[in-house]
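Structure first, then comments.
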Amino acid sequence: MIEIKVPTVGESINEVTLLKWTKKDGDFVERDEVIAELESEKATFEVNAEQSGTLKTIAKEGDTLEVGAVLAHIDESGSAPSAEPKKEAAPAVEEAPKKEEPAAAAPAEKPAPQPAAASAGKGVIEMKVPVVGESISEVTLLKWVKKEGDLVKRDEVIAELESEKATFELNAEESGKLSILIAEGDVIKIGDVIAKIDTDVAVADKPAAQPAPAAEAKQQVKPAVIEAPVAATPADVKASPVAAAIIADKKVDPKSITATGPSGKILKHDVLEALSNPGKKSFNGQELNTRNVRKEKMSNLRKTISRRLVESKNTTAMLTTFNEVDMTRIMDIRKLFKDKFKESHGVNLGFMSFFAKACAIALSEWPAVNAYIDGDELVYHDYADISIAVSTPRGLTVPVIRNVESLSMADIEKKVIELAGKARDNKLTMEELTGGTFTITNGGVFGSLMSTPIINLPQSAILGMHKIQERPMAVNGQVKILPMMYIALSYDHRIIDGRESVSFLVRVKELLENPELLLFGKDPVKTLLEL
């Protein structure tokens, strides 16, 4: 009998949560087979069997356990799997009808032909929500790419899911007929079954859809999902399946409906509202003289943003220091060389590359600004992975540009365009969203003149850019109108002292007002085009 204990999973982590057992009590497990999933404050990870044998679970799903606590025992004497194949085969589709169907009496006679066909292939398989990243326990089903009853091919995209950090696609594990179990907009947990695929229905064979009556009998609880495909809504109108069915049935003009769903999608209550209140006058989509109140479920992304912002304010000694930058030299360089730069590199020369490069240099000179606190330790970085805040319809995302200190101005601009595009299309990967050491946010694109940005945990500092505003400035005893920008550095005073924060911001100001220092060359024009 050996003990399976909670392993050490990272610095400063002393407890974890048992998310679920992937094997049940009494199951025979092979060596290195996954038996459980645990979640720490930073990541979700698997526990493997250290030896082959019979599993005896001790902890329960949902329990909070300390590192080193005993999760389970494995009886190695059960390693001879002579009786195990029968045990494993018990749930199989072939044997289930022989033992279960007689007990089910008359109601079980109709589904009986389906298990019989299962012996020809893999039968009905379950599509589950996959593990999608660190500490993520639930996702939202954004939309079904395929409809109820569709014939799908292996690896074909059938649905889009959204976690608290990114949007991703779910692919069919096998070819067959799709049976949908979860509605669009539902919040589901990792490992939940969202659909089933009947692999005995040949994808290339249309008549194979003959057993549909039996399949539909099981799906009576979702008639709206089955009927939605016949809704005669225009191709450019986005509506949920239920809303589409009502629009088609009641012959409602979609243009008369005010959509309140994500990305302008028409929801069921939007159609019902239009039917109950026809001919309402509105201004910019809003009803006049209304006292209506609407409630919308927060997306996982929005909930995560809210939680992390509050956590940042409550757990850091946050302070903000300000300075201002004369943007004249940078604006002159952009005017003079933007055409040659685009001709050479295929991208425009924007402001972000100047700020990112200036911050990378300043971070190397003031390493505390590029560090963070982990328990009782300070973690320093000899590189600058800079997160760029990007606003999207679903909320704020902060994709990361790696090793900015080693990139050219053109490389930075290309990366900014790539990540911003992915953010808008909800195509950012987990790797692109994690691991930043410092953040830059630009509120100036929305007209902000000054703000105090909130630190992006676990980082210790964030730089805020703002609107370029012409202001009268005293220069050598004379008043000049100059394009000025306020810059703000919010920082964690537990790790960054006032001297370091102010010196860092002054260094960024110096580099931006003397951009030739960023170009590292005697000939700025030649160096700019080479970078």
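What to note about this one:
- If you sort the three axes of the alpha carbon gyration tensor as a ≥ b ≥ c, you get a/c of 1.5 or more for the range 141-199 and a/b above b/c, which makes it prolate.
- Virtual spin-label span in nm between LYS338 and VAL506, 7 Å along Cα→Cβ: 3.3 nm
- Difference of contour (0.36 nm per residue) and Cα-Cα distance, LEU482 to VAL157: 111.6 nm
- Here the peptides 241-252, 311-322 are ranked by packing, the mean other Cβ count within 10 Å, and the order with the highest first is 241-252, 311-322.
- Beta-bridge orientation, the range 372-531: approximately 75 percent antiparallel, per DSSP, counting only bridges with both partners inside.
- R0 of 51 Å, Cβ-Cβ distance ASP497-THR22: FRET efficiency to nearest 0.05: 0.60
- Radius, Kirkwood style, for the range 285-437 when every pair of distinct Cα atoms is counted (Å): 18.5 Å
- Tail fraction, Cα-Cα pairs, the range 378-531, threshold 22 Å, whole percent: 50 percent
- Going by neighbour counts of Cβ atoms within 10 Å, the residues GLU37, GLU3 line up, fewest first, as GLU3, GLU37.
- Considering only the Cα atoms of the range 433-489, their convex hull presents on average a projected area of 5.0 nm².
No lab work stands behind these numbers, since they all come straight from the coordinates. Just so you know, these numbers come straight off a predicted model, no measurement behind them. All Cβ positions, even for glycine, are placed from backbone atoms using ideal geometry, and neighbour counts span all protein chains on display.
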